[in-house]
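Engineer: Got a structure for you, questions after.
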Amino acid sequence: MTKEELLEKANSLPLAPGVYLMHGKEGEVIYVGKAKRLKNRVSQYFQAGHGHNLKTQTMVSLVREFDTIIVGSEFEALVLENALIKQYMPRYNILLKDDKGYPFVRLSREAYPRFTIASRVSGDGARYFGPYGGRLETRSALDAIRNALKLPTCHKTFPRDIGRERPCLNYHMGRCDGFCRREMTAEEYNRRMDMAVRLLEGKIRLVTADLEREMLAAAEELRFEEAAALRDKIDAIKVLGKRQKVIAGICADTDVWGLYLGAKCCYAVLHYEDGQLTGREAELVSAGAAENAGEVLSALLPQYYGSRSALPREICIPAEVEDQEVLERLLTEKAGHRVALKVPQRGDRAQVLALAETNAREEAERQTTAQERTDRTLELLGKLLGLEEPPEWMESYDISNTGGEDIVASMVVFHGSRPARDRYRRFRVKELEGRPDDYKSMEEVLTRRLTHYMEGDKKFSPLPDVFLIDGGEQHARVARRVAERFGVAVPIFGMVKDDRHRTRALVTPEGREIGIQGSQAVFSLIGRIQEETHRFAITYNRQSHGKSVRRSQLDEIPGVGEARRTALLKRFKSVKAVREAGLEELLEVLPRNAARAVYLWAHPAEDGA
């Protein structure tokens, strides 16, 4: 990809936390980074004049493609970045380190080990975790773990300072269990530190399981205060796990599938190992409109895993597949160990499944043009309506009236997902003036519309692919009756509204409802058509009603037509002001006979005087 293409791709990224992988000309990973907002961070690399240092400029010059993994939080990005650096060992993650370096978490080797942040790994016998991407995020991670386990954050040295002073404020605030007190043992301290290490390794489930066993044992032995304290630790760790899905993990060896069936269809697979997200694969696939998620997965899974030598023990998918047990047996035989296919409905797996689906959707939409999205929406609409071809032109009608007066109708035309305003038409219902009847009004309007078409009026040609009538089954039935009278075979559907005046379904003249809420794109398109049709009808009704009000008060005056009415309103601004005008003022605007007629209309008591 060129630099311009890379910038265009970067600008299409979401403003979400994640990790990005820069690839060289051979497809190798040359740099791994994390971002609080992927779009902002990645696009900076490819913007001219951004002021990168020489090393960054050199790295960017070698980039031919990049990939991204969307995660749920900044901390997830931090942990995933670390895992991917370990996996790929990208050359520029090493070359770009300055004297400060990327931070590591250091665990000292002593009777009371402590966590610190180090710039590099030293051969001092201590244990190191990392490197991580930034000191602030690393410090935040350590603080969260210390708070959850109530470990000390002070600068006291153990065991030297045990019992020398009273516990500090953190102990009294419940943030630390006071390991500076004599009753706290080195064994208990090291047990907590072991839990902290397991949390850094992503083994939250193991830590909470151990604490739950201790809590139950304490409760059975009537040590309720101790049980309550353990319960609080468990709750704190669970909160930590919810905030950071990567560090929480879901199991030791899992693939999580996300699937997006839009204008372009895409799958994304998140790979988890030892409770950590280690990578992502995403690819566009060819899937017709008639295929659902289960059908797509039934075709994809055997192909995807058929060429792989190592298979996970668990595969989470968003929908059940046909012959799922047979597929599980096939994968199990190939892997040499049990492979389970699961469709999570709730809990941690469901949350990670949603994350995979987000990755699939973002990847698909980034590579989808507006026209492709429209084509896909019309394809789905055509399938729902049972049409042989997707509808290209759609014509919609609505009736509007004001208390039985000024009955008008709107005809709105959509070409694909866009309104074709040059083909809009308005009708004043003539045969029912003062007697509102929506069904007869619709019959009159469609009759006039099709009459224009039959007479060759180019303003009403050609016919649309679909008629959409604002209303229910009866409205659709009236429209079909008119169409049959003219020998027109255009499919007709009513637009059924919910309590909030939004189209919730389409209905055939036979009364069969067609739900549209299952597809957000179709639901939005029909909603826009209904709203535009209603808006156009209301606007025309208001204009017509305003003219009627003015006509009913001034046009009834003998000798006052449209031109003289306009002149009066231009001079006096309102009908009320016309009524209050004297004869001399009226003579400034109208001839004597017309002025006197207006004056007598406004002052009937003076008639004949």
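The values are calculated or read from the model by the stated rules, or taken from the named source; none is laboratory data. A quick note: this is a predicted structure, and the numbers were derived from the prediction, not measured. As a convention, Cβ positions derive from the backbone with ideal geometry for all residues, glycine included, and neighbour counts pool all protein chains shown. Calculation scope for accessible area: heavy atoms of the full protein, side chains included, ligands and nucleic acids excluded. Shrake-Rupley method; radii C 1.70, N 1.55, O 1.52, S 1.80 Å.
Engineer: Place +1 on the Cβ of every Lys and Arg and -1 on the Cβ of every Asp and Glu in the chain, take the dipole about the Cα centre, and give the residue among 38, 185, 344 whose Cα lies farthest towards its positive end.
Structural biologist: Farthest towards the positive end: 185.
Engineer: Tell me, in nm to one decimal, what length is gained between residue 334 and residue 143 on full extension, where the rule is 0.36 nm per residue of separation less the Cα-Cα distance?
Structural biologist: 64.3 nm
Engineer: Please give the length that would be gained between residue 124 and residue 28 if that part of the chain were fully extended, namely 0.36 nm times their separation in residues minus their C-alpha to C-alpha distance (nm, one decimal).
Structural biologist: Extra length available between residue 124 and residue 28 comes to 31.2 nm.
Engineer: Then there's this: For the range 139-217, with only Lys/Arg (+1) and Asp/Glu (-1) charged at the beta-carbon, what is the dipole magnitude about the Cα centre, in debye rounded to 20?
Structural biologist: 240
Engineer: Taking a probe of 1.4 angstrom, what is the accessible area of residue 234 in Å², to the nearest 10?
Structural biologist: About 10 Å², ignoring ligands and nucleic acids.
Engineer: For the chain, what proportion of DSSP beta bridges, expressed in % and rounded to the nearest 5, is antiparallel?
Structural biologist: Looking only at bridges with both residues in the chain, the antiparallel portion is about 80 percent.
Engineer: Also: Would you mind working out the magnitude of the charge dipole of the range 365-418 relative to its Cα centre, with +1 at each Lys and Arg C-beta and -1 at each Asp and Glu C-beta, to the nearest 20 Debye?
Structural biologist: That gives a dipole near 300 debye.
Engineer: Let me ask something additional. At what distance in nm do the modelled label points of residue 583 and residue 513 sit from each other, each positioned 7 Å from its Cα along Cα→Cβ?
Structural biologist: Simple spin-label model gives 6.9 nm for this pair.
Engineer: A further question follows. Suppose R0 equals 60 Å; then what is the FRET efficiency for residue 186 and residue 52 from their Cβ-Cβ distance, rounded to the nearest 0.05?
Structural biologist: Result of the calculation: an efficiency of 0.75.
Engineer: Here is a follow-up. If you take the beta carbon distance between residue 232 and residue 172 as r and set R0 to 25 Å, what does 1/(1 + (r/R0)^6) give as a FRET efficiency, to the nearest 0.05?
Structural biologist: Once rounded, the FRET efficiency stands at 0.95.
Engineer: Starting from 0.36 nm per residue, how many nanometres of slack lie between residue 418 and residue 473 once their C-alpha separation is accounted for?
Structural biologist: Answer, rounded to one decimal: 17.2 nm.
Engineer: Just to be sure I understand, if you calculate Rg and Dmax of the Cα atoms in Å for this structure, which of (i) 42.9, 170; (ii) 23.5, 71; (iii) 36.5, 119 do you get?
Structural biologist: Here Rg and Dmax of the Cα atoms in Å agrees with entry (iii).
Engineer: For the chain, what's the relative contact order in percent, using C-alpha pairs closer than 8 Å and at least 6 residues apart?
Structural biologist: 7
Engineer: At 1.4 Å probe size, with no ligands or nucleic acids counted, give the accessible surface of residue 601 in Å², nearest ten.
Structural biologist: 50
Engineer: Along the charge dipole of the chain, Cβ charges K/R +1 and D/E -1, which of 445, 196, 70 sits furthest on the positive end?
Structural biologist: With unit charges placed on the Cβ atoms, the residue in question is 196.
Engineer: Efficiency by 1/(1 + (r/R0)^6): what FRET value for residue 319 and residue 154, r their Cβ-Cβ distance, R0 = 60 Å, to the nearest 0.05?
Structural biologist: 0.70
Engineer: To continue, here is another question. With every protein chain present, what accessible area does residue 495 have (1.4 Å probe, heavy atoms only), rounded to the nearest 10 Å²?
Structural biologist: Estimated to the nearest 10 Å², residue 495 gives 0 Å².
Engineer: Do any of 430/458; 9/264; 264/383; 9/36; 34/55 go past 20 Å between their Cα atoms, and which?
Structural biologist: In this structure, 430/458 exceed 20 Å between Cα atoms.
Engineer: Given +1 on the Cβ of Lys and Arg, -1 on the Cβ of Asp and Glu, and no further charges, what dipole in debye does the chain carry about its Cα centre, rounded to the nearest 20?
Structural biologist: Result for the chain is approximately 2160 debye, rounded to the nearest 20.
Engineer: For the range 1-85, which whole-number percentage of the solvent-accessible area (1.4 Å probe, protein heavy atoms only) is attributable to carbon and sulfur atoms?
Structural biologist: 48
Engineer: If you roll a 1.4 angstrom probe over the protein chains with everything in place, what fraction of the accessible area of the range 355-477 belongs to carbon and sulfur, to the nearest %?
Structural biologist: The value for the range 355-477 is 45 percent carbon and sulfur by accessible area.
Engineer: To continue, here is another question. Considering only 454, 598, 385, whose Cα is most displaced toward the positive end of the charge dipole of the chain, charges sitting on Cβ of Lys, Arg (+1) and Asp, Glu (-1)?
Structural biologist: 598
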